[in-house]
Amino acid sequence: MTAAPVRIAGAPISWGVCEVPGWGYQMDNDRVLREMRGAGLTATENGPEGFLPADPASLATVLAGHDLTSVGGFAPVLLHEESHDPVPTIASLLDGFVAANADVIVLAASTGQEGYDARPTLTADQWTVLLRNLDRLAAASAERGILAVVHPHVGTMIEQRDEVHRVLDGSSIPLCLDTGHLMIGGTDPAELATAAADRIAHAHLKDVDAALAARVQAGELTYTDAVRAGMYTPLGTGDVGIGGVVDSLLDAGYTGWFVLEQDTILSEEPGEVGGPVTDVVASVQHLHDIVAARTAAV
């Protein structure tokens, strides 16, 4: 008997690269990918539109130049409006993922507004539309050979614990288990990893400062301000209990990606020494330590 293998990837948001206008200083892809590979990662999510080339051949060249492969990526999509068909929205993204031999499209239920600091309340009819569209997007992605997962995310229409379970009960789409967003939204990620193991097909690993998360939950801080204040910490230094989450997933037979994400906001280009990569390196090491401990115990 051997320990379950793990697939580890990075994400540009750990370097402050984000789709939200005004999020902060945006680093160029050459440095981010160079530092990602230097941290020992061999795969990456693609990041927001414009970070990597849209042209498939150019994308392949950029990734190959850094000895990286594509996992796929994150896509906020409007799902709850009856008059809006979200399937065409993801068509070009799927084209790029297929060309890059990527695996996963990570869907978030967009509010239709910019940023993640406010959201409307949906009616029962809008929830029906949202759930139906999740299954439609999953089917459209599967037709292209791409796995679609839905990502509970602060400031989207699927954030809080009851909303996560509404998705589990009302659709068949698999989940992206994001340890940070789940915790901030009131879901215990370790509990969900056990209770819904058969629905979890992708994982974003974040650690969280619980005190800052509580201030977001109480409405004392916006999500953006909490990120700026350091709400996300290197794996093993926050309050999530990352080892327990990883163990729960692997014990259940999870074979998907573990994407290391520590959302951050930069005010300027980091110096050549230090910067976001320091936290990424620490997180990579912590995850390797968890896996090594499992291997030693087998």
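List of remarks:
- Criterion (open to solvent by 20 Å² or more (accessible area, probe 1.4 Å), among the polar types (S, T, N, Q) and not in a loop (DSSP other than H, G, I, E, B)) met by exactly one of T278, T237: T278
- Checking each residue in segment 100-120 for being over 21 Å from E163 (Cβ atoms) and open to solvent by less than 50 Å² (accessible area, probe 1.4 Å) picks out A100, A102, V104.
- Members of segment 247-286 found to be out of contact with any strand residue (DSSP E or B) (no Cβ under 6 Å at 6 or more places or on another chain), aliphatic (A, V, I, L, M) and within 22 Å of C176 (Cα to Cα), listed by number: L249, L250, A252, V280, V284
- In segment 14-53, the residues that are open to solvent by 20 Å² or more (accessible area, probe 1.4 Å), part of a helix (DSSP H, G or I) and either aliphatic (A, V, I, L, M) or without any contact (Cβ under 8 Å) to a residue 60 or more places away in the chain (or both): N29, D30, R34, R37
- For segment 64-71, the count of residues that are among the small types (G, A, S), without any contact (Cβ under 8 Å) to a residue 40 or more places away in the chain and open to solvent by less than 10 Å² (accessible area, probe 1.4 Å) is nonzero.
The values are calculated or read from the model by the stated rules, or taken from the named source; none is laboratory data. Everything numeric here is computed off the predicted structure, so don't read it as measured data. Quick reminder, even Gly has a Cβ in these numbers, built from the backbone with ideal geometry, and neighbours come from all protein chains shown. Just the protein is used for accessible areas: all its heavy atoms, side chains included, with ligands, DNA and RNA removed. Shrake-Rupley method; radii C 1.70, N 1.55, O 1.52, S 1.80 Å.
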